[in-house]
Amino acid sequence: MRITRKLSLSLLIAGCAAMWWLAGLYLYLSPNLPEADTLRDVKLQVPMRVFSEDGLLIGQFGEQKRSPLQFSEIPGTFIDALLAAEDDQFFDHGGVDVLGLVRALTELVATGQKRSGGSTLTMQVARNYFLSLERTFLRKFNEILLAIEIESALTKEEIFELYVNRVFLGHRAYGFEAAAQTYYGESLSELTLAQQAMLAGIPKAPSRNNPLSNPDAGKNRRDWILGRMRSLGLINEQQYRTARAEAVTAVYHGLSVEVEADYVAEMVRQEMIDRFGNAAYNDGYSVYTTVNSERQKAAQRSVIDGLKTYDRRHGWRGPEQRHPMVDGATLQDPWPPWQAALDEMPIIAGLLPAIVVSTDEQGADTLDKSGQIRRLSWPSDLANIRRFRTENLTSEPAENVQQLLEIGDLVRIQYDARSDQWRLAQVPRAQAALVSMAPSDGAIKALVGGMGFELSKFNRATQARRQPGSNFKPFLYAAALEAGITTTTLINDAPVVLDNLSSDDIWRPENDSGKFYGPTRLREALTFSRNLVSIRVLQRLGVTPFISYIDQLGFDTKGMARNLTLALGTHAYTPLEIASGYAILANGGFLIEPYLIDRIEDAAGQILYQANPALACYVCEENKRLTADAPLRMEDILKTDAATARHARSVMDPRASFIVTSMLTDAIQRGTGRRARALKRDDLAGKTGTTNGPRDAWFSGYNRDLVTTAWVGFDDYSSLGRREFGGTAALPIWISYMGEALDEQRAPAAMPQGVVRLRVDRSTGLRVTGSPKNSMLDYFFEEFLPSEASDSEDQLGTDELEALF
């Protein structure tokens, strides 16, 4: 009895000491504990997402992949799987599982190893949100105290939701919804029981148990969880057997981009960093752009197809690499080193890398990245291949397969759906860009900055400053119209020699055709892009007034050469800047600012920024006309709120934009852009552009709804080839895009006040009465009317014109 009393007393003293010690530890630690209530306001690191105007995903930026879920969105089978794996008493305990802690401590003392975890889900939430991962007693005690506090402050559902959205699950996935997308490409609610159990097993060892890094370990963990679920009565025997028999189907799923617009996404990323700094990557912003998904897809296809078509005209340059068979390899087993070489090669614009593994008289077999054999056939494909010699010369077609291909050649191949066969291809060396925008407010509807972002991140649509050539002439002709030169003014298309340039060279410009056409009406000069007429127009107008005029149009004139070469578009601009200029022609003379971001929302869906672009005023007038005979709806009032609407500044006489548009309509109907007649529309206006070399090919065109500029060239300013022009290299891209992007045909714009339509003689440009032969109707400023044919003093001959110009 004495021993029992002493033992009891000792235990009591020890217990009191332990309690005093724990109480002291609590008093020591508790002041430094964070408030559990702050978990309600915790900001998860959610990546920034970029969307098209119609809500399709364009891109995602951020180190952590995360898609937070609310408790009501979490499937019940997954809740059961996770609790079976981590904490089956979660809904019963108060944050700490005492028996679990005692069991874990006993195993640690007995074996020296930690076999079962004593941490509840609540304790893991405390650790994940507030504590470090260091394994110390103090951290564990802090974890326990925080778990108790969290349980008193939050509901079980809130705690479970915090855990599901925070935990790291390998491959940069944080939270189970992100993990479901990463490993299976589907939402958590769409996964099978076996797949949900697989995900539930990852938190114990994210790097070791995930189904990609270690499928066997992941499957073992999954099967153990399924067994636990069965023993806990959460699933029946049949469900257990079915799920256990399911194969591991996880495959890495990258970002599920719905619209390919990498250059757009990068532009948004840069602007968001400018606005929010590095918080842009982690604060869950959703950025909605002005880009239309269907137009963007059309732009992407058109640029790639246009470059491939250009590239085929200039011949095949040969294999990208050569990989001869290694010593000891045979044709039956040469593939491991070849497969490794293929794994390092990206797929660019649908062009697959492949290595030639055999050749014969009927074609060649190639091995692609997926390990599949793809056949290239002779003569249906390979017999048509010509070798590249120079930009102006190709070889004769190959006589046999061996002249083209050898075993070990790494080439590009592409599937042709029309012929149902694979074809030899190559990545084009030339580059292209396309910009398309709404002329009413500058909203960018599609933008492609090059052949492929994986090939080059240089955005040629916004960064490549290239000479526009004749693509710049419409602005010269608009200035001429405002200065009193008319569409029927005769200007002599004859040789000109200039030696007053900044260089020592004498400049002898020519027309692209090499011909001279004599006295030419201004309309014909722009329609057929006569260079010598344009130079004489600038002579009459004056270089300094012209620079002032285009500066007024919003073009950067710094560093601009003050000489007559400006008439031929020698000052460099980006495709975006050129498209912005053409928007002025399309919208009646108003200066709009291109913009890409329509609105920015925070993680809670609150709008942080809403674009308020300046509107071309013709939009306002059109709204008035449309609503004059109809009752106003509230949504119309909201759209045209006078208190918030901004009106763009008028920078070009609307009469000039109207008349230049009529001239550019002629350029499409019968001039340098006549290939665009394939679209079978009469509401289009546009202009080609080609620079010396030729090094740059352009086409810019529009109707009242859409302005688009396409450019083709080499980054190193190499020549495109002497038979390449804006009408052959850039215009096909424009046609392909506009054919898909344009809406229903628009009626022509109304003739502005102050414009007069008169009949003139085609040869002299002078006004005639009646409808005589060789006459036509044309547009004029009311203050700058042509003289009547009877006024002989105004009829100038060729010699007099040459003397004047």
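The values are calculated or read from the model by the stated rules, or taken from the named source; none is laboratory data. Since the structure is predicted, the reported quantities are computational estimates derived from the model, not experimental observations. Note that we place each Cβ from the backbone using ideal geometry, even for glycine, and neighbour counts take in every protein chain shown. When the accessible area is computed, the model is the full protein with side chains, heavy atoms only, and any ligands, DNA or RNA have been set aside. Shrake-Rupley method; radii C 1.70, N 1.55, O 1.52, S 1.80 Å.
In segment 547-575, how many residues are under 19 Å from GLY689 (Cα atoms) and assigned to a helix (DSSP H, G or I)? Within segment 547-575, residues that are under 19 Å from GLY689 (Cα atoms) and assigned to a helix (DSSP H, G or I) number 7. With the condition kept exactly as written, say whether any residue in segment 749-764 is under 20 Å from TYR582 (Cα atoms) and under 28 Å from the mean Cα position of the chain (by Cα). No: segment 749-764 contains no residue that is under 20 Å from TYR582 (Cα atoms) and under 28 Å from the mean Cα position of the chain (by Cα). One residue alone among GLU361, GLU344 is in contact (Cβ under 8 Å) with a residue 40 or more places away in the chain, surrounded by fewer than 15 Cβ atoms within 10 Å (Cβ to Cβ) and acidic (Asp, Glu), and that residue is GLU361. Being touching a residue at least 40 places away in the same chain (Cβ under 8 Å) and in a loop (DSSP other than H, G, I, E, B) is a property that does not hold for PRO495.
From the list ASN392, ASN459, the lone residue that is of a type in the set (S, T, N, Q) and farther than 27 Å from TYR737 by Cβ is ASN392. Looking across ARG269, ARG275, one residue alone is open to solvent by 40 Å² or more (accessible area, probe 1.4 Å) and either outside any helix (DSSP H, G or I) or over 22 Å from VAL448 (Cα atoms) (or both). It is ARG275.
I need every pair where a residue in segment 74-94 that is at negative phi and among the polar types (S, T, N, Q) has its Cβ under 7 Å from the Cβ of a residue that is crowded, with 20+ Cβ neighbours inside 10 Å and in a helix (DSSP H, G or I), sequence separation at least 6 or different chains. What qualifies is THR77/LEU193; THR77/GLN196.
Within segment 597-620, being modelled with pLDDT of 95 or more and buried (at least 22 other Cβ atoms within 10 Å of the Cβ) holds for one residue alone: ILE600.
Can you find a residue in segment 320-338 that is modelled with pLDDT of 90 or more and part of a helix (DSSP H, G or I)?
Step one: of segment 320-338, the residues modelled with pLDDT of 90 or more are 320-322.
Pick out the ones that are also part of a helix (DSSP H, G or I) and you get none.
No, that holds for no residue.
Within segment 440-449, is there a residue that is in a loop (DSSP other than H, G, I, E, B), open to solvent by less than 10 Å² (accessible area, probe 1.4 Å) and either touching an Asp or Glu at 6+ places or on another chain (Cβ under 8 Å) or farther than 26 Å from LEU522 by Cβ (or both)? Scanning segment 440-449, I find at least one residue that is in a loop (DSSP other than H, G, I, E, B), open to solvent by less than 10 Å² (accessible area, probe 1.4 Å) and either touching an Asp or Glu at 6+ places or on another chain (Cβ under 8 Å) or farther than 26 Å from LEU522 by Cβ (or both), so the answer is yes. If you check ASP696 against the conditions, is it modelled with pLDDT of 95 or more, among the acidic types (Asp, Glu) and more than 24 Å from THR462 (Cβ to Cβ)? No; evaluated as a whole, the condition is false for this residue. Does segment 443-459 include one or more residues that are at pLDDT 95 or above, under 30 Å from CYS617 (Cβ atoms), in contact with a Pro (Cβ under 8 Å, 6 or more places away or on another chain) and not aromatic (Phe, Trp, Tyr)? There is at least one residue in segment 443-459 that is at pLDDT 95 or above, under 30 Å from CYS617 (Cβ atoms), in contact with a Pro (Cβ under 8 Å, 6 or more places away or on another chain) and not aromatic (Phe, Trp, Tyr). Determine whether segment 525-534 contains at least one residue that is closer than 19 Å to LEU585 by Cβ, crowded, with 18+ Cβ neighbours inside 10 Å and without any contact (Cβ under 8 Å) to a residue 60 or more places away in the chain. Looking through segment 525-534, at least one residue is closer than 19 Å to LEU585 by Cβ, crowded, with 18+ Cβ neighbours inside 10 Å and without any contact (Cβ under 8 Å) to a residue 60 or more places away in the chain. The single residue among ASP696, ASP705 that is buried (at least 24 other Cβ atoms within 10 Å of the Cβ), out of contact with any Pro (no Cβ under 6 Å at 6 or more places or on another chain) and more than 22 Å from GLU524 (Cα to Cα) turns out to be ASP696. Total residues in segment 658-673 satisfying the condition of being closer than 13 Å to THR527 by Cβ, open to solvent by 10 Å² or more (accessible area, probe 1.4 Å) and touching a residue at least 24 places away in the same chain (Cβ under 8 Å): the figure is 5.
Which count do you get for residues in segment 708-744 that are of a type in the set (Val, Ile, Thr) and open to solvent by 10 Å² or more (accessible area, probe 1.4 Å)? Lay out the reasoning, then the answer.
Applying the first criterion (of a type in the set (Val, Ile, Thr)) to segment 708-744 yields 708-709, 712, 728, 733, 735.
From what's left, open to solvent by 10 Å² or more (accessible area, probe 1.4 Å): 728, 735.
Final tally of qualifying residues: 2.
In segment 149-237, counting only helices (runs of 4 or more DSSP H) that sit wholly within it, the ones holding 2 or more residues that are touching a Gly at 6+ places or on another chain (Cβ under 9 Å) span 156-166, 176-184, 206-209, 215-231. Listed conditions (1) in a loop (DSSP other than H, G, I, E, B); (2) farther than 28 Å from GLU740 by Cα; (3) touching a residue at least 60 places away in the same chain (Cβ under 8 Å); (4) open to solvent by 60 Å² or more (accessible area, probe 1.4 Å) are all met by LEU255, apart from (2).
Quick check on my filter: what residues within segment 576-596 are open to solvent by less than 10 Å² (accessible area, probe 1.4 Å) and either farther than 25 Å from THR289 by Cα or not in a helix (DSSP H, G or I) (or both)? Listed by number, the residues that qualify are ASN587, GLY589, ILE592. Here the condition is being open to solvent by 60 Å² or more (accessible area, probe 1.4 Å), modelled with pLDDT under 85 and among the hydroxyl-bearing types (Ser, Thr, Tyr); of SER152, SER67, SER119, it holds for SER152 alone. In segment 397-421, the residue that is most open to solvent (accessible area, probe 1.4 Å) out of those that are free of Cβ contacts under 8 Å to residues at least 40 places away in the same chain and touching a Lys or Arg at 6+ places or on another chain (Cβ under 7 Å) is PRO397. Scanning segment 183-195 for residues that are at pLDDT 90 or above and out of contact with any Pro (no Cβ under 7 Å at 6 or more places or on another chain) turns up TYR184, GLU186, SER187, GLU190, LEU191, THR192, LEU193, ALA194, GLN195. The residue of segment 677-689 that is farthest from ASN471 (Cα to Cα), among those that are open to solvent by less than 30 Å² (accessible area, probe 1.4 Å) and touching a residue at least 60 places away in the same chain (Cβ under 8 Å), is ASP683. Being part of a loop (DSSP other than H, G, I, E, B), surrounded by fewer than 21 Cβ atoms within 10 Å (Cβ to Cβ) and among the polar types (S, T, N, Q) is the requirement here; does ASN459 meet it? Judged against the criteria, ASN459 is not a match. So, ARG228, is that one among the charged types (D, E, K, R), touching a residue at least 12 places away in the same chain (Cβ under 8 Å) and either crowded, with 23+ Cβ neighbours inside 10 Å or on the phi > 0 side of the Ramachandran plot (or both) or not? For ARG228, the condition - among the charged types (D, E, K, R), touching a residue at least 12 places away in the same chain (Cβ under 8 Å) and either crowded, with 23+ Cβ neighbours inside 10 Å or on the phi > 0 side of the Ramachandran plot (or both) - is not met. Against the definition (acidic (Asp, Glu), at pLDDT 95 or above, farther than 28 Å from THR764 by Cα and open to solvent by 10 Å² or more (accessible area, probe 1.4 Å)), how does ASP556 come out, yes or no? Criteria met by ASP556.
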